[in-house]
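The values are calculated or read from the model by the stated rules, or taken from the named source; none is laboratory data. Quick caveat, the model's predicted, so the values are computed rather than measured. Here the Cβ positions follow ideal geometry from the backbone for every residue, glycine too, while neighbour counts run over all protein chains shown. For the accessible areas, the whole protein counts, side chains as well, though only heavy atoms, and no ligand, DNA or RNA atoms are used. Shrake-Rupley method; radii C 1.70, N 1.55, O 1.52, S 1.80 Å.
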Amino acid sequence: MPPVISVERLRKEYRSFKKEAGLAGAIKSLFKREYDRRVAVDDVSFDIERGELVGFLGANGAGKTTTLKILSGLLYPTSGKVSVLGFTPSDRKDDFRRQFSIVLGQKNQLLWDLPAEDSFLLLKEIYEIPNDDFQRQLSLLTDLLGVTDKLSVQLRRLSLGERMKMELIGSLLHKPKVLFLDEPTIGLDVVAQKTIREFIKTYNETEQTTILLTSHYMQDIETLCKRVIIIDAGKIFFDGALEKIIGEFSSEKVLSLDFSSPVERERLERFGVVEDWSPVSAKLRVARASISKTSAEMLAALPVHDLNIEEVPIEDVIRSIFASKV
Ligand SMILES: Nc1ncnc2c1ncn2[C@@H]1O[C@H](COP(=O)(O)OP(=O)(O)OP(=O)(O)O)[C@@H](O)[C@H]1O
Ligand SMILES: [Mg+2]
């Protein structure tokens, strides 16, 4: 089967008018317009198979939202080939529209002054969802997200988390085969984040919906995504298994030690970077290449009662990738 999403050498430039200051500048620009160009997506290629839940990561301004908007047909690419479910999104065919959804965490799509249930009825008409299917899907989704009692409340009166849950429901009523989620947990408290995260996981598993997700919260990515695509300044920086990131980008490991009698912090410093210390336990970062040698030296020199070698948390690895790119 061909991939559900296929992106080939995608490029997107934003052009904006350059206007010189003052009236003279404004007049001049009437006759001769100059443009500022900004390359937001630069030669990006990837394929996503049916049922995959892929994390799309990158620093602010890396080009994630732009890519998702192109995949949804909201923006035209400057060049390159994009196919979603066999459609070219920018053709905006009705048949395509019925099979995907995009949720933008920074933007409400449901109507602000209406209760969610009214917006949902509107979506039912727009997508021509049969009554039974609509009722079944609506009650399934509101149950899973725990917002059944909020359906008749005006959207503007809901909390941020409740609103996002309604947005998710609205995006899934017509059972799309492909779902683009752009920061669905942004700004939410940890409880709401967790509910939404678990919902996405369950939904992806039961429905085999293909999902491309962006989030700045590593917990979302770690819980949900086996595969991640990292984009940096518009270019693909990494595409592969989440767990491979550690091996590829982390040059250190963490040594965790318990001591049978107190050890001063100063005695540890020559072995690595001391991250955490109490007289009877410590955590050190040690170069990956010299981990066995260092462990052996510490066992010989110190009253070590227990020793564990751990990987650097993936969140730290990704943060350091982004930090080194700024
Ligand atoms: N409408 C626009 N006109 C001009 N430039 C734009 C426009 N939208 C985005 N850009 C620029 O394109 C680049 C990519 O933006 P994009 O919104 O895709 O980033 P992002 O990865 O989604 O970032 P974030 O994590 O902050 O949401 C940025 O440099 C941004 O300033
Ligand atoms: Mg964005």
Full-extension gain in nm, A241 to V274, via 0.36 nm per residue minus C-alpha separation: 8.9 nm
Hey, can you rank 273-281, 311-319 by average C-beta count inside 10 Å, highest first? 311-319, 273-281
Residue-wise, which Karplus ³J(HN,Hα) couplings in Hz belong to the stretch 34-51, taking 6.51 cos²θ - 1.76 cosθ + 1.60, θ = phi - 60°, and x for glycine or proline? 10, 10, 9, 10, 9, 7, 9, 10, 10, 6, 9, 9, 6, 10, 10, 8, 4, x
When all alpha-carbon pairs of the stretch 5-246 are counted, what percent fall beyond 29 Å? 34
Could you state the accessible area per residue of the stretch 250-325 in Å², with a 1.4 Å probe and every protein chain left in place? 56
Calculate the spin-label point distance for E266 paired with R98, positioning each point 7 Å from the Cα along the beta-carbon direction, and give it in nanometres. 7.7
Rounded to the nearest whole Å³, what is the per residue volume of the convex hull around the Cα atoms of the stretch 37-136? 150
Simple SL model, points at 7 angstrom along Cα→Cβ for A26 and I186; separation in nm is 3.2
Give me the percent of accessible area attributable to carbon and sulfur for the stretch 250-325, probe 1.4 angstrom. 49
Sum of -39500 (n - 2.57) over DSSP H runs of 4+, divided by residues of the chain (222 nm, nearest 500): -11000 deg cm²/dmol
Under a 5 Å amide H to amide H cut-off, with H placed in plane at 1.01 Å, what residues pair with I102 once short-range neighbours are removed? F180
Under 8 Å for C-alpha pairs, at least 6 residues apart: give me the relative contact order for the chain, rounded to a whole percent. 18
Please report the accessible area of I309 (heavy atoms, 1.4 Å probe, ligands and nucleic acids excluded) in Å², nearest 10. 80
Less than 17 Å from a label point 7 Å out along the Cα-to-Cβ axis of E315: which backbone N atoms in the stretch 219-233 qualify, by residue? 219-225
Solvent-accessible area per residue for the stretch 1-82 (1.4 angstrom probe, square angstrom): 59
Over the Cα atoms of the stretch 166-258, compute the convex hull volume and normalise it per residue, giving Å³. 152
Spin-label model distance (nm) - L121 vs L299, 7 Å beyond Cα toward Cβ: 7.2
By how many nm would the segment from Q135 to E198 grow when fully extended, if each residue of separation counts as 0.36 nm and the alpha-carbon distance is taken off? 20.4 nm
Would you mind pulling out the separation of the Cα centroids of the stretch 1-78 and the stretch 190-259, in Å? 24
